[in-house]
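Read through the structure below, which is laid out as structure tokens, and then see the notes.
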Amino acid sequence: MNYFYRCPDCRKGISVEWRTRREEIPCPHCKKRHVPPTPREQLEAYVDQREWPQEMEDTVRALKGDLCTVPGCTNHADTLDHRVPWGERGKTSVWNLYPMCREHNESKGDRDYYEWVAEQI
């Protein structure tokens, strides 16, 4: 799984293997050495898979809570959902993942969240 983020110094895009992200690396652009930011430090950083690592889920839940984020729903969030669908180039990032109960997640499927939620009203 690759992890994509912006260099803390020059802000240009970089990718590293997720499992090696805690190691200091030189930026290929500005050559300054740094440890890649965590998902909490750079909310738009993303992985190149539909599934997310536990650290990313923990960050989403810490920032957005454990309840379904669908308006009016008070159910526990069993999973996370891509607001911008994965199939429509939505990223697997803290910024794009939201807690959702299984019922709403299954109902929404791969549709755009905002179009789907408008149909629920």
Folded to 0 to 90 degrees: helix 54-64 orientation relative to the chain principal axis, Cα: 60 degrees
Projected area averaged over orientations for segment 2-121, convex hull of C-alpha atoms, nm²: 7.5 nm²
field: Table column - 3J(HN,Hα) (Hz), segment 85-97, Karplus curve with 6.51, -1.76, 1.60, x for Gly and Pro
entry: x, 3, x, 10, 6, x, 8, 8, 9, 4, 4, 9, 9
task: Report, by chain and number, residues whose modeled amide H sits under 5 Å from the one on residue 78, excluding near sequence neighbours (fewer than 5 apart, same chain).
output: 100, 101, 102
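Every read-out reported here was derived from the displayed coordinates using simple, explicitly stated rules and does not represent laboratory data. Since the structure is predicted, the reported quantities are computational estimates derived from the model, not experimental observations.
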